[in-house]
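Have a look at the structure below, then the notes.
Any read-out appearing in this document is the output of simple, stated calculations on the displayed coordinates, not a laboratory observation. Computed from a predicted model, the values in this text were never measured in an experiment. Cβ: placed from backbone, ideal geometry, glycine included. Neighbour counts: every protein chain shown.
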Amino acid sequence: MAPLKIRELQKEIGYKFKVRKHLIRALTHPTFSEVEKKKKVNPRDCPHQQAYSTLGDAVLKTGLILLLMDKKKETKGDITISKADIENNLKLADVGKRLQLLENDVILHTIKNSKKLEEASEKMYADTVEAIIGAIFIDSKYSMKKTKKSIQKIFSEELDVLEKAT
């Protein structure tokens, strides 16, 4: 993975990783991990993003709630509706596209067929965005403050649209 592309991604998400392996794991799709384990020569354990994605999903929900409360969304209904508009998989995929995760070849995967990659890309983008958020949370030693700041940067366009709608 090109160091320049990693630096660019870190700039885009507003967070510089102290432990690079957290970011690498967030960017490692299960297909890549599986191929690495099954290699006949020099197989290696290469943890993939799924656990980070699960954590990132929960942290993203919390971070968005805090950001929405900062924006004076006060009722459960206002928060729930606004949060749902931002955190759905289609929106997460849009964010992944904006970050150019596949275009910049920062997601480690083994899907070579362009049709299969196109079919898998929406989920791959969404899962990777969540995994990055999970990785930030872990790398920052569970700092919700730092993670919230990154969520605000990553989702700035979506949050701006939401603010203009109110």
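Starting from the amide H of Leu108, placed 1.01 Å from N in the peptide plane, find each other amide H under 5 Å away whose residue is 5 or more places distant or on another chain.
Amide H neighbours of Leu108: Thr28, His29.
Suppose R0 equals 45 Å; then what is the FRET efficiency for Asp85 and Lys21 from their Cβ-Cβ distance, rounded to the nearest 0.05?
0.85
Run the simple label-point estimate for Val161 and Glu103 please: 7 Å along Cα→C-beta, distance reported in nm.
1.7
With the cut-off at 1.5 for a/c, could you classify the range 1-47 from its C-alpha gyration tensor as rounded, prolate or oblate?
prolate
If each DSSP helix of 4+ residues adds -39,500 (n - 2.57) and the sum is divided by the residues in the chain, what number results at 222 nm, nearest 500 deg cm²/dmol?
Mean residue ellipticity, 222 nm, calculated: -22500 deg cm²/dmol.
Of the residues Lys37, Lys97, Lys115, which exhibits the maximal mean-square fluctuation in a Gaussian network model of the chain defined by a 10 Å Cα contact cut-off?
Lys115
For the chain, modelled as a Gaussian network with Cα springs under 10 Å, which listed residue fluctuates most, Leu90, Leu23, Leu60?
Leu90
Strictly greater than 15 Å: what percent of every Cα pair in the range 119-166 meets that?
Here the tail beyond 15 Å accounts for 55 percent of pairs.
I'd like the Karplus ³J(HN,Hα) series for the range 83-99: coefficients 6.51, -1.76, 1.60, θ = phi - 60°, whole numbers in Hz, and an x wherever there's a Gly or Pro.
4, 4, 5, 8, 9, 5, 4, 5, 5, 4, 5, 4, 5, x, 5, 4, 6
In what sequence, highest mean first, do 141-147, 10-16 appear when ranked by Cβ atoms within 10 angstrom?
For the peptides 141-147, 10-16, the packing ranking is 10-16, 141-147.
Say R0 is 35 Å: what FRET efficiency, to the nearest 0.05, do Lys145 and Val41 get from their beta-carbon distance?
0.20
Taking the Cα-to-Cβ direction at Glu118 and at Lys76 and moving 7 Å from each Cα, how far apart do the two end points lie in nm?
Roughly 4.4 nm, to one decimal.
With Rg and the Kirkwood Rh both taken from Cα atoms, where does Rg over Rh land for the chain?
Rounded to two decimals, Rg/Rh equals 1.00.
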